[in-house]
Amino acid sequence: GFVGAKVAVQPEESLREARVAAYGSCLPALEADYEYVEANLRFCAKELPIADAALQRSLTVSAPAQPPPEGESPYFLPLGIVRARALDLRGLLARTKEGLLAQLDWARLALRELEIHPREDQWLNATLLSNFAAVALEVGEPEFVAELSVRVTVVEWADSMKLQRFNVVRALGWLSALAGDHVGAFREFRRSRELAPSIAWEVESVLDRSFL
């Protein structure tokens, strides 16, 4: 987005300038995007309380009663897309305090935000689903098989999303195995091998099957 590009080269020096630009605009989404970018920077710097505060500010930004016309600028992300990213990052923060299940709750909210937003971002959807699958696999509860099986069919997968799709299908394989469904696990591991984005990941899929 506009804000991310503005602070990418020299984050600390550009952050104040970006804040002025964001809060001086007529677009609430730009304010939310600024706060998300700052939260991301603070999270990477392990400044977790500051990151948390920035995320809370990002998520409290509300949409205008009269949104600006579409196509006005290609650099401004819709508010729903910004919110989905912020919710996913909020999950990472929640994990540090409350554990994996809290992160999963926030990841679900992020995916739901994309579902209700009129402008679809399939790459972000795939990435958030891949993140959700990874955490679900760490939790290791078989109950996630049904949820992931439905969500994986909703994404319009493209070549640029090969790794995300591989991760989701592989997680489905292991969760099926944990549920005692070895036939289903073999099926998903076979699919993950077919979807593997590289030879290394293909070998990983073969090793997955060898455990069964």
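The values are calculated or read from the model by the stated rules, or taken from the named source; none is laboratory data. All values derive from a computational prediction rather than experimental measurement. We place every Cβ from the backbone using ideal geometry, glycine too, and count neighbours over all the protein chains shown. These area figures cover heavy atoms from the full protein model, side chains too; ligands, DNA and RNA do not enter into them. Shrake-Rupley method; radii C 1.70, N 1.55, O 1.52, S 1.80 Å.
What the Kirkwood sum gives for the stretch 139-197 is a hydrodynamic radius of 11.4 Å, with every pair of different alpha carbons counted. Maximal additional length on extending the Arg112-Leu178 stretch stands at 21.1 nm, based on 0.36 nm per residue less the C-alpha distance. Ordered by 1.4 Å accessible area with all protein chains kept, Ser210, Ser198 run largest first as Ser210, Ser198. What shape does the stretch 98-207 have by the C-alpha gyration tensor, where a ≥ b ≥ c are the square roots of the eigenvalues, rounded means a/c under 1.5, and otherwise prolate means a/b greater than b/c and oblate the rest? In terms of gyration-tensor shape, oblate.
Counted over all Cα-Cα pairs of the chain, pairs farther apart than 24 Å make up 48 percent.
A Förster radius of 41 Å combined with the Cβ-Cβ distance from Glu143 to Val206 puts the calculated FRET efficiency at roughly 0.90.
Solvent-accessible area of Thr60, all protein chains in place: 110 Å² (probe radius 1.4 Å, heavy atoms, ligands and nucleic acids excluded).
Computed over the stretch 97-143, the Cα gyration tensor eigenvalues convert (square root of 5λ each) into semi-axes of 21, 11, 8 Å, ordered from largest to smallest.
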